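Accompanying notes for the structure given below.
The values are calculated or read from the model by the stated rules, or taken from the named source; none is laboratory data. Bear in mind that the values here come from a model prediction, so they are computed numbers and not experimental data. No Cβ is skipped: glycine too gets one built from the backbone with ideal geometry, and neighbour counts run over all protein chains shown.
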Amino acid sequence: MDNTYEVIIIGGGPAGLSAGIYAARARLRTLLIEKGIFGGQITNAMHVENYPGFPNGISGFDLGELMHQQATRYDLETRTAETNGIKPRNSDILIETNEGDFTAKAVIIAGGAQFNKLGVPGETSLTGKGVSYCATCDGPFFKERVVAVVGGGDSAVEEALLLTRFASKVILIHRRAQLRASRILQERAFANKKMAFIWDTVVEEIQGDEQVTGLGIRHVKTDKRSTVEASAVFIYVGQSPQTDYLKGIIPLDDEGRIITDERMESGTRGIFAAGDIRKNSSRQAITAAGDGATAAISAEKFLIEQ
Ligand code: NAP
């Protein structure tokens, strides 16, 4: 099998798939490597309302699937594999995966970001037993139960609203007294009678043996500790890129995000980045898609210049 490509794209979310559409339509021999589900994190969103072209919104799963269908219409090769090394060489770049090695003249890294863990006792042992990072996947298991959500950003509020469709009550616990989420989501959350809010509070422990039964919490201003009863806790405390394998290969910021210029080129020749994995990304599906298109156009120019 010929494992040599002009462009290799790492990551099959909106950034990677958009890059794939552009690279394949430019008739570049292109491979897209995705370790999980094509469509990326957006596939977990129940309803996407801010992607242009869908005035009534669209399910994240359908949006991811449509992007995947569109990308593979144009001779884009795809593979399911986990990338664990990138090595720039004299005339090409070596990509090491658990399914073998590949080479390319240009690489677009669009690996996205993963949900952060809270890092408190009970979180790991009760994952899948009431601790969840995906309300769309696990919300329906908690019909007419009280559930908690941790975080105050768009993810926390959007997923809390989704959970109100199933749960009898959704308690959002936030470490400050003001949400970070967009205004429209805040308005919906405050208007929803199933929503309750615990402000200025952090979760210190997730309680339960076989299943989550409650949370040990602490008020950050008074230091008062108490317990909240809940059958599940959905954790949305930010996202981080997985770029450990890129350390020392391309310049990263303090949070591990890839530093790019406006052409999406990293500090290492021939390596581009797009979407949530790069520094200063607005971390939206639409901006990721834009980054992907820009990265592919820049990669094409780079290959012509070679
Ligand atoms: P985020 O915007 O980084 O928000 C993370 C939230 O978790 C913040 O409220 C933060 O509190 C809190 N937090 C962080 N670490 C914590 C800890 N250790 N303990 C307790 N709370 C902690 O992350 P996100 O909500 O996942 O959103 C990521 C990006 O995706 C954003 O750019 C967002 O706009 C985008 N997004 C958009 C949509 C949409 O357009 N509908 C949906 C989902 C996500 P502080 O506020 O105090 O920092």
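Take the residues in the stretch 48-60 that are surrounded by 14 or more Cβ atoms within 10 Å (Cβ to Cβ) and touching a residue at least 40 places away in the same chain (Cβ under 8 Å); name whichever of them is farthest from the chain's Cα centre (by Cα). Outline the logic, then answer.
Filtering the stretch 48-60 for residues surrounded by 14 or more Cβ atoms within 10 Å (Cβ to Cβ) gives 48, 51, 54, 57-60.
Cutting the leftovers down to touching a residue at least 40 places away in the same chain (Cβ under 8 Å) gives us 48, 51, 60.
Details: 48: 14, 51: 16, 60: 12 Å.
Among those residues, the one meeting the criterion is 51.
Residue 286 versus (1) aliphatic (A, V, I, L, M); (2) in a strand (DSSP E or B); (3) within 14 Å of the ligand (Cβ to nearest atom): which is the lone unmet condition?
Exception for residue 286: condition (2).
Can you tell me how many residues in the stretch 175-201 are away from the ligand (no atom under 12 Å from the Cβ) and assigned to a loop (DSSP other than H, G, I, E, B)?
Counting residues in the stretch 175-201 that are away from the ligand (no atom under 12 Å from the Cβ) and assigned to a loop (DSSP other than H, G, I, E, B) gives 3.
With the requirement that a residue be assigned to a helix (DSSP H, G or I) and surrounded by fewer than 24 Cβ atoms within 10 Å (Cβ to Cβ), what does the stretch 156-174 give you?
158, 161, 162
For residue 282, all conditions in the list (1) modelled with pLDDT of 95 or more; (2) farther than 17 Å from residue 11 by Cα; (3) within 18 Å of the chain's Cα centre (by Cα); (4) not acidic (Asp, Glu) hold save one; what is the number of the exception?
Checking residue 282 against (1) modelled with pLDDT of 95 or more; (2) farther than 17 Å from residue 11 by Cα; (3) within 18 Å of the chain's Cα centre (by Cα); (4) not acidic (Asp, Glu), the one that fails is (1).
Which condition breaks for residue 110 when tested against (1) assigned by TED's automatic domain parsing to the domain that holds residue 223; (2) within 16 Å of the ligand (Cβ to nearest atom)?
Only one criterion in (1) assigned by TED's automatic domain parsing to the domain that holds residue 223; (2) within 16 Å of the ligand (Cβ to nearest atom) is unmet by residue 110, namely (1).
Check the stretch 226-236 and report whether any residue there is out of contact with any strand residue (DSSP E or B) (no Cβ under 8 Å at 6 or more places or on another chain) and surrounded by fewer than 17 Cβ atoms within 10 Å (Cβ to Cβ).
Within the stretch 226-236, not a single residue is out of contact with any strand residue (DSSP E or B) (no Cβ under 8 Å at 6 or more places or on another chain) and surrounded by fewer than 17 Cβ atoms within 10 Å (Cβ to Cβ).
If you go through the stretch 185-213 one residue at a time, how many are on the phi > 0 side of the Ramachandran plot and touching a Gly at 6+ places or on another chain (Cβ under 9 Å)?
Initially, the stretch 185-213 is screened for residues on the phi > 0 side of the Ramachandran plot, giving 200, 208.
Those left that are additionally touching a Gly at 6+ places or on another chain (Cβ under 9 Å): 208.
Going through the stretch 185-213 one residue at a time, the tally reaches 1.
Taking into account only those residues within the stretch 141-155 that are part of a loop (DSSP other than H, G, I, E, B) and either near the ligand (Cβ under 10 Å from one of its atoms) or among the β-branched types (Val, Ile, Thr) (or both), which is surrounded by the fewest Cβ atoms within 10 Å (Cβ to Cβ)?
Pass one, the stretch 141-155, residues part of a loop (DSSP other than H, G, I, E, B): 143-145, 151-153.
With the extra rule that they be either near the ligand (Cβ under 10 Å from one of its atoms) or among the β-branched types (Val, Ile, Thr) (or both), the set shrinks to 151-153.
Details: 151: 25, 152: 24, 153: 18.
By that ranking, first place goes to 153.
Could you give every pair whose Cβ atoms fall below 6 Å, whose first residue belongs to the stretch 279-300 and is assigned by TED's automatic domain parsing to the domain that holds residue 10, and whose second residue is acidic (Asp, Glu) and within 13 Å of the ligand (Cβ to nearest atom), counting only separations of at least 6 or pairs across chains?
283/276
Read through the list (1) more than 25 Å from residue 61 (Cα to Cα); (2) within 16 Å of the ligand (Cβ to nearest atom); (3) not in a loop (DSSP other than H, G, I, E, B); (4) not small (Gly, Ala, Ser), then give the number of the only condition that residue 221 fails.
(3)
Would you point out which residue out of 63, 76 is surrounded by 15 or more Cβ atoms within 10 Å (Cβ to Cβ), among the hydrophobic types (A, V, I, L, M, F, W, C) and in contact (Cβ under 8 Å) with a residue 60 or more places away in the chain?
Criteria check complete, one pass: 63.
In the stretch 115-140, what count of residues is obtained for those that are assigned to a strand (DSSP E or B) and within 10 Å of the ligand (Cβ to nearest atom)?
1
Could you list all residues from the stretch 92-132 that are surrounded by fewer than 17 Cβ atoms within 10 Å (Cβ to Cβ) and basic (Lys, Arg)?
Within the stretch 92-132, 117, 129 meet the criteria.
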